[in-house]
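Take a look at the structure set out below.
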Amino acid sequence: MSEFAKQVYTLEEYFEIDKNSEEKFEFFEGNVWCMSGASPVHERIVSNSIFQFRTALKDGCSVFASNLRVKVPAYGPYRYPDMTVYCGEGEFEKMGGLDVLTNPQMIIEILSPSTEGFDRGAKFTYYKSIPSLTDYLLIATQIPHVVNYTKQGENEWVQREAVGLDAKLFLPTFQIELLLSEIYRDIEFPEIEEEVLTIVR
């Protein structure tokens with residue numbers, strides 16, 4: 001992520017920037033920053049994960065990459081998650097002349113060293129303000145490690161995780177099983193992997 005400019009923007013100015021650019025921009029409290037420019041590992045994980053979800057999900061469910069705008073009430077006006085899943089009909093709201101999804105069921109973020117703390121903490125808190133959200137999935141990039149949070153009640157989320165290329169993660173909301181070997185297909189990890197995996201376990 002890179003900041004667009006050192007000045008404060010109105011929401012209307014932000015809509016014009018985002019509407020007229022081929023890149024993705026996010027906005028918060030007058031600040032605008034560019035969301036483009038992910039690493040090759042990040043993009044390979046997105047590609048692998050989209051293929052796995054589309055293969056495993058039942059008919060009527062849709063999975064999208066990061067170009068889809070998602071309304072986040074507590075972190076408005078909208079965000080660009082790495083991946084978004086919803087089943088049934090997508091519900092969209094016009095914001096600044098742009099279509100914004102209002103009923104995501106699962107949001108998926110690919111972790112990077114610079115954003116991991118925010119994705120696990122404050123961003124998850126913001127995402128919880130989405131009424132339709134039932135699942136939040138985090139995929140690490142430095143080791144094969146996937147964490148899923150499933151909503152059980154108004155303020156209760158159950159955490160499930162899987163570590164290692166041979167591991168599997170069951171998602172009860174969607175009744176599917178994710179294979180980490182497929183999520184991390186064609187990705188090589190450094191030699192410290194075994195030591196790190198032992199600590200995580």
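Descriptive notes on the structure:
- Lone unmet requirement of (1) more than 15 Å from residue 44 (Cα to Cα); (2) at pLDDT 95 or above; (3) not hydrophobic (A, V, I, L, M, F, W, C) for residue 193: (2)
- Matching entry among 14, 75, 9 (being open to solvent by less than 60 Å² (accessible area, probe 1.4 Å) and under 23 Å from residue 110 (Cα atoms)): 75
- Enumeration of residues in segment 58-73 that are more than 15 Å from the chain's Cα centre (by Cα) and at pLDDT below 95: 58, 59, 60
- In segment 113-138, the residues that are surrounded by 13 or more Cβ atoms within 10 Å (Cβ to Cβ), of a type outside the set (S, T, N, Q) and either farther than 20 Å from residue 41 by Cα or in contact with a His (Cβ under 8 Å, 6 or more places away or on another chain) (or both): 123, 124, 126, 127, 128, 130, 133, 135, 136
- Hits in segment 17-34 - residues which are open to solvent by less than 60 Å² (accessible area, probe 1.4 Å) and touching a residue at least 60 places away in the same chain (Cβ under 8 Å): 18
- Selected residue (criterion: most open to solvent (accessible area, probe 1.4 Å)) from residues of segment 85-102 that are over 23 Å from residue 14 (Cα atoms) and outside any strand (DSSP E or B): 89
- The single residue among 62, 66 that is in a loop (DSSP other than H, G, I, E, B), surrounded by 12 or more Cβ atoms within 10 Å (Cβ to Cβ) and of a type in the set (Ser, Thr, Tyr) turns out to be 66.
Yes or no, residue by residue, for (1) touching a residue at least 12 places away in the same chain (Cβ under 8 Å); (2) over 27 Å from residue 39 (Cβ atoms):
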site: 82; (1), (2): yes, no
site: 89; (1), (2): no, yes
site: 108; (1), (2): yes, no
site: 121; (1), (2): no, no
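The values are calculated or read from the model by the stated rules, or taken from the named source; none is laboratory data. This one's a predicted model, so the numbers in the text were calculated from it and none came from an experiment. Glycine gets a Cβ as well: all are built from the backbone with ideal geometry, and neighbour counts include every protein chain shown. Please note that ligands, DNA and RNA were not included when accessible areas were found on the heavy atoms of the full protein model with its side chains. Shrake-Rupley method; radii C 1.70, N 1.55, O 1.52, S 1.80 Å.
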